[in-house]
1. Here is a list: T145, T214. Which entry is modelled with pLDDT of 90 or more and assigned to a helix (DSSP H, G or I)?
2. State whether the residues of the stretch 135-150 include one that is in the same structural domain as T214 (by TED's automatic domain parsing), over 30 Å from R199 (Cα atoms) and surrounded by 13 or more Cβ atoms within 10 Å (Cβ to Cβ).
3. For the stretch 216-231, state whether one or more residues are in contact with an Asp or Glu (Cβ under 7 Å, 6 or more places away or on another chain) and at negative phi.
4. Test I120 against the criterion of being of a type in the set (V, I, T), assigned to a helix (DSSP H, G or I), assigned by TED's automatic domain parsing to the domain that holds Q177 and surrounded by fewer than 11 Cβ atoms within 10 Å (Cβ to Cβ), and give yes or no.
5. Residue check: is I125 more than 22 Å from the chain's Cα centre (by Cα) and surrounded by fewer than 11 Cβ atoms within 10 Å (Cβ to Cβ)?
6. Go through the stretch 217-236 residue by residue and tally those that are within 16 Å of H89 (Cα to Cα) and of a type outside the set (A, V, I, L, M).
7. Any idea which of (1) at pLDDT below 85; (2) over 25 Å from the mean Cα position of the chain (by Cα); (3) assigned to a helix (DSSP H, G or I) is the one N181 doesn't satisfy?
8. I'm trying to understand the selection: among the residues of the stretch 7-35, which are within 33 Å of the chain's Cα centre (by Cα) and free of Cβ contacts under 8 Å to residues at least 12 places away in the same chain?
Amino acid sequence: MSALTRNSSNPPPYFYDLNPQQQKNWMKTTRRMEKNEELRAEYPPFQSPSNFTIIHLHHYSSIETEASAVIRLGFNNVKFVSIEVEHKHLELKQQHELFEKLKIDYEHQHFYLIEREENIRLLKIELEQHEKLKANLFKEYENQTNQLENNLEQQKLLLLNATQDQDEIFSLKLKQQHELNNYYETSERTINLLEQNLRIAKHDLDIAKQDHDTLQDEINDYKIRAQRVLKQHQLNQRERTPSLANKQIE
């Protein structure tokens with residue numbers, strides 16, 4: 001970039017992205033370059049029209065002034081390129097830090113997803129165990145009911161063959177009926193409790209599946225953001241080398 005395209009009274013847009021020290025250096029360099037242009041305009045390069053023309057002293061002074069201005073201009077250009085390189089380096093560093101942060105977030109979310117999947121697997125195992133327990137309890141209930149009915153039939157036969165009085169027979173029947181009612185109530189409470197636990201387990205499994213789907217969507221979003229940042233990082237690296245080469249040529 002030459003001094004003709006830089007104006008201390010009208011800085012370019014990227015000037016406002018620099019930190020205060022960089023802005024100060026940029027303005028100082030630009031003013032020096034403007035001063036060099038003024039010197040070059042005031043002392044144009046010496047050109048001799050003829051080998052026989054007498055060279056005056058002020059021509060030597062003009063040549064020396066121009067050489068000093070050119071040297072200062074080259075030094076300022078190098079300094080400006082250094083500022084540009086530093087600015088690009090800061091941008092790349094910030095993008096790299098953002099990429100690393102996204103990478104860490106992705107790893108944390110991925111670990112959390114694995115943990116959630118393990119919890120879902122354990123819930124499924126627990127649900128299967130509840131189903132097996134329920135089936136076993138139903139089978140046990142059926143066996144006990146059959147056994148109780150058999151006992152009841154045997155007791156009926158005993159009652160028919162017994163010679164006890166009616167009070168004892170009535171008391172025995174009442175006791176058996178009470179035991180049977182207690183057994184039915186206990187069995188019903190057990191079945192209700194199992195069904196309630198089954199509903200709770202299914203509800204927990206549905207919530208875990210919803211969390212899993214939501215977390216999977218977040219992981220996909222993190223992947224997309226990480227890929228965008230990585231692409232931008234690679235694009236900036238490709239643009240950085242030719243940009244520096246062009247500035248050094250200028």
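1. T214
2. Within the stretch 135-150, one or more residues are in the same structural domain as T214 (by TED's automatic domain parsing), over 30 Å from R199 (Cα atoms) and surrounded by 13 or more Cβ atoms within 10 Å (Cβ to Cβ).
3. So far as the stretch 216-231 goes, yes, one or more of its residues are in contact with an Asp or Glu (Cβ under 7 Å, 6 or more places away or on another chain) and at negative phi.
4. The answer is no for I120.
5. When the stated conditions are applied, I125 passes them.
6. Residues that pass the stated criteria total 4.
7. (1)
8. Result: P13, F15, Y16, N19, P20.
The values are calculated or read from the model by the stated rules, or taken from the named source; none is laboratory data. For clarity, every value in this text was computed on a predicted model and none was experimentally measured. No Cβ is skipped: glycine too gets one built from the backbone with ideal geometry, and neighbour counts run over all protein chains shown.
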